[in-house]
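Colleague: Mind having a look at this structure? Questions to follow.
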Amino acid sequence: MPKSLVPDQIEPGHQTGQLSLAQIAMLPLYHRQTIPAEYIDAMGHMNVRWYMSLFDNATWRFFDAMGLDAGYFERSHAGGFALKHFVTYWAEVQAGQNVAVHTRILGRSEKRFHFMHFMVNESTGVAAAALEALGTHVDLRQRKSSPLPPRIARRFDTQLTEDSRLPWPAPVCGAIHI
């Protein structure tokens, strides 16, 4: 996947907490969008529901990359359900600004996967928000969690191995565990 920011384009020393934009740029990009005026709320910035919408768009592309695509869901009568979300907001997003969402896998079990989306405001050059999530693979006939198929588990494991090699710890909330 392409990267939205490359380290040499980032202002030296710019960070959100202990997480720099250069670090976020190391992650796969799963969504990019210009924010329309209708996303703005009475506070004059993007409403929280649109953060979730953008994170959701990134989740579907992330799922596609892992093999959890529409064809798989239809053929296998399987799907993915959200179990937990934790959102952190660092900076406002305004109409007309461009945002990108990058994703890091944090862990996986037989049925579940723990991941984190990072939203970068490319117009201002700051990290805007993060969503930490726990999802589960489900058998849609039984409406119950079920094991990830081996080929999909391998894709998660391959990306998890790559993400585990990153030289920085993910800023997890501590409330989500597999």
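Read the figures in this text as sums done on the coordinates, not as results from a lab. On a predicted model such as this, the values are computed, not experimentally measured, just so you know.
Colleague: Could you run the Debye sum over the Cα atoms of segment 97-177, one equal point scatterer each and no solvent, and tell me log10 of I(q)/I(0) at q = 0.10, 0.14, 0.24 Å⁻¹, two decimals?
Modeller: For segment 97-177, the Cα-only Debye profile gives -0.31, -0.57, -1.14.
Colleague: Explain nothing, just compute: Karplus ³J(HN,Hα) = 6.51 cos²θ - 1.76 cosθ + 1.60, θ = phi - 60°, for every residue of segment 130-138 in order, whole Hz, x for Gly and Pro.
Modeller: With the stated coefficients, segment 130-138 comes to 9, 10, 9, 9, 10, x, 9, 7, 10 Hz.
Colleague: Under the Karplus relation 6.51 cos²θ - 1.76 cosθ + 1.60, θ = phi - 60°, what is the ordered set of whole-Hz ³J(HN,Hα) values for segment 33-49, x standing for Gly and Pro?
Modeller: Result, rounded to whole Hz: 7, 8, 7, x, 4, 5, 7, 8, 9, 5, 8, x, 9, 4, 5, 4, 5.
Colleague: If each DSSP helix of 4+ residues adds -39,500 (n - 2.57) and the sum is divided by the residues in the chain, what number results at 222 nm, nearest 500 deg cm²/dmol?
Modeller: Roughly -7500 deg cm²/dmol at 222 nm, from the helical runs in the chain.
Colleague: Let me ask another. Compute the angle between helix 150-164 and the longest alpha-carbon principal axis of the chain, please, reported from 0 to 90 degrees and rounded to the nearest 10.
Modeller: Between the helix axis and the principal axis of the chain, the angle is about 30 degrees.
Colleague: Let me ask something else about it. Largest first and in whole Å, give the semi-axes of the chain's equivalent ellipsoid, each being the square root of 5 times a Cα gyration tensor eigenvalue.
Modeller: In descending order, the three semi-axes are 28, 19, 14 Å.
Colleague: Would you kindly derive the ³J(HN,Hα) couplings of segment 108-114 from the backbone phi angles with the Karplus curve 6.51 cos²θ - 1.76 cosθ + 1.60 (θ = phi - 60°), listing them in order in whole Hz, with x for Gly and Pro?
Modeller: So the Karplus estimates, Gly and Pro as x, are 8, 10, 4, 10, 10, 9, 10 Hz.
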